[in-house]
Amino acid sequence: MVNIPLSKPCLGEEEKRAVNEVLDSGFLAQGENVRKFEEEFARYVGVKEAVATSNGTTALFVALKALGVKEGDRVITTPFTFVATASSILQCGGVPVFCDVDEKTFNLDPGKLEDILKKERNIKGIIAVHLYGLPCDLEEIAFLTQKYNLFLLEDCAQAHGAECQGRKVGSWGDMGAFSFYPTKNMTTGEGGMITTNDSLLAQECRMLINHGSRKRYYHEALGYNFRLTDIGGALGRVQLSKLEQFNEKRRRNAAFYNQELADLPFIDVPYLPPYALPVFHQYTLRVKGARDALLQFLRDRGIGCESYYPLPLHHQPFLQNLYSASSFPVAENLAREVLSLPVHPQLTREDLNTIILGVREFFLNH
């Protein structure tokens, strides 16, 4: 039986050397590598400031704190995302307000977003999630945040290097938040990054991640220990230098899937809107009526696959009581139908052909 993992970090000799240099230096906590990583990442995204954090969830949480989200503040986001998007709002004392997603992109639907904004006047901001590495329609969403005087926080955890209208995600909103978990398009092991063009927001974030301190042992506010290590910074700098080639390989793999699977009648291959340059953190099919059977069929043959996500956030156990009367039909349908195939850069053409044959074999026999 084959063994094709759904995800696999791309780590080579350069990463090992960078980490060993940090180990040899004896300086393992946040230091010069983190500072350089922040500068290089800011330059790559096209923003003035980047602030490294311990993971993607702390990046979201700290960004929300810096944006002033507090007890009772209402923040709109998607119910079809990883739980950290909503839990970060709740951890600030805020209230997630869910907006259903677009049928094609699976991202926030600007039309439905404005419907909410017309009805509710007490919204503080929007978290736009670039799901699977496909940018939201940021031009429309940014227009709405300006029209209704709201903040825009981009959840870029799956979208390193993705572009909307030729501009990198993480540079459109007031702030962006990235994750460097091992399954992401680039990794630091664990780690996150906040991006912004607002130097005051960046200063606030730096203070919050460092125990509320700008000056050592002087603590202005209740803060946290959310710093990135220099080991993570060193890894991130090498990974960032390879990110474009990683993303291009993901796009080539996705294009091959599209070419070979688009004729199958019971699936939809990913939609590519004209404004977007995606980075395919996940290659996600929409499977009509047989998603779970296909998932098990592929796994039984050693092909890694997963449903991201099988339960929309308003149906999660810890949120169910808050949203028991809520319905978001597109998100609910997607949760029953989506299936992600391996798309990472280390796949060979033989791997891709094996996966494609597996999908085709399933539909031939069902």
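The values are calculated or read from the model by the stated rules, or taken from the named source; none is laboratory data. Just so it is clear, the model here is predicted, and its values are computed rather than measured. So basically every Cβ, Gly included, is an ideal-geometry build from the backbone, and we count neighbours across all protein chains shown. Side chains are part of the model used for accessible areas, which takes the heavy atoms of the whole protein and leaves out ligands, DNA and RNA. Shrake-Rupley method; radii C 1.70, N 1.55, O 1.52, S 1.80 Å.
At a 1.4 Å probe radius, which order do Y218, Y271, Y224 fall into by accessible area, largest first?
Order by accessible area, largest first: Y218, Y271, Y224.
Please state, to two decimals, what the Cα-based radius of gyration of the chain comes to when divided by 2.2 N^0.38 Å (N = residues).
Computed over Cα atoms of the chain, the ratio equals 0.99.
For the chain, what does -39500 (n - 2.57) per DSSP helix run (n ≥ 4), summed and divided by total residues, give at 222 nm, in deg cm²/dmol to the nearest 500?
Mean residue ellipticity, 222 nm, calculated: -12500 deg cm²/dmol.
On the accessible surface of the chain, probed at 1.4 Å, how many percent belong to carbon and sulfur atoms?
50
Kindly provide the Kirkwood hydrodynamic radius of the range 49-197 in Å, to one decimal, from all pairs of distinct alpha carbon atoms.
One over the average 1/r among Cα pairs gives 14.9 Å for the range 49-197.
Could you give each residue of the range 196-206 its phi-based ³J(HN,Hα) in whole Hz, using Karplus coefficients 6.51, -1.76, 1.60 with θ = phi - 60°, and x for Gly or Pro?
Listing the rounded values in order: 6, 9, 9, 5, 5, 5, 4, 4, 4, 5, 4 Hz.
From the backbone phi of the range 230-235, what are the Karplus-calculated ³J(HN,Hα) couplings (6.51 cos²θ - 1.76 cosθ + 1.60, θ = phi - 60°) in whole Hz, Gly and Pro given as x?
Working through the residues one at a time gives 5, 4, x, x, 5, 4 Hz.
For the range 200-250, report the accessible area per residue in Å² (1.4 Å probe, heavy atoms, rounded to an integer).
Averaged over the residues of the range 200-250, the accessible area is 54 Å².
Given R₀ = 35 Å, what would the calculated FRET efficiency be for L272 paired with E32, taking r from the Cβ atoms and rounding to 0.05?
After rounding, the FRET efficiency stands at 0.30.
Provide the percentage of antiparallel DSSP beta bridges, counting only those with both residues in the chain; round to the nearest 5.
60
Treating only the Cα positions of the range 216-366 as identical point scatterers, give the base-10 log of I(q)/I(0) from the Debye formula at each q in 0.13, 0.14 Å⁻¹.
-0.78, -0.86
Placing unit charges on C-beta atoms (Lys and Arg positive, Asp and Glu negative, everything else neutral), compute the dipole magnitude of the range 118-196 about its Cα centre in debye, rounded to 20.
In total the dipole reaches around 260 debye.
Of the peptides 69-79, 165-175, 277-287, how do they stack up when ordered by the mean number of other Cβ atoms within 10 Å, highest first?
Ranked from most to least packed, the peptides come out as 277-287, 165-175, 69-79.
Would you kindly calculate the mean projected area, averaged across all directions, of the convex hull enclosing the Cα atoms of the range 167-300, in square nanometres?
Quarter of the Cα hull surface area: 11.9 nm².
Mind listing the Cα extents of the range 211-259 along all three principal axes, in Å, largest one first?
59, 21, 12
Which whole-Hz ³J(HN,Hα) couplings does the range 113-120 yield from phi under the Karplus relation 6.51 cos²θ - 1.76 cosθ + 1.60, θ = phi - 60°, glycine and proline marked x?
Each residue's phi maps through the Karplus curve to give 4, 5, 4, 5, 5, 5, 8, 10 Hz.
Given 0.36 nm per residue, what is the gain on full extension from L90 to K288 after removing their alpha carbon distance, in nm?
Extra length available between L90 and K288 comes to 67.9 nm.
Let me know the charge dipole size of the chain about its Cα centre in debye, to the nearest 20, where only the beta-carbon of Lys, Arg (+1) and Asp, Glu (-1) is charged.
Here the chain has a charge dipole of around 400 debye.
Would you pull out the residues with amide H under 5 Å of G223's amide H, same chain only if 5 or more places away, H placed 1.01 Å from N?
For G223, the qualifying residues are G212.
Between L23 and N197, what length in nm is gained on full extension when 0.36 nm per residue of separation is reduced by their alpha carbon distance?
59.3 nm
Which order, highest average first, do 86-93, 118-125, 155-162 follow once you tally other Cβ atoms within 10 Å for each residue and take the mean per peptide?
Per-residue mean Cβ counts within 10 Å order the peptides as 155-162, 86-93, 118-125.
Roughly how many nanometres apart are two label points built 7 Å out from the Cα toward the Cβ at D115 and F143?
1.8
Counting only Cα, what are the radius of gyration and maximum Cα-Cα distance Dmax of the range 221-310, in Å?
Rg and Dmax of the range 221-310, Cα atoms, are 18.3, 58 Å.
Let me check I have the definition right: for the range 11-122, take the eigenvalues of the Cα gyration tensor, multiply each by 5, take square roots. What are those semi-axes in whole Å, largest first?
Gyration-tensor ellipsoid for the range 11-122: 37, 17, 13 Å.
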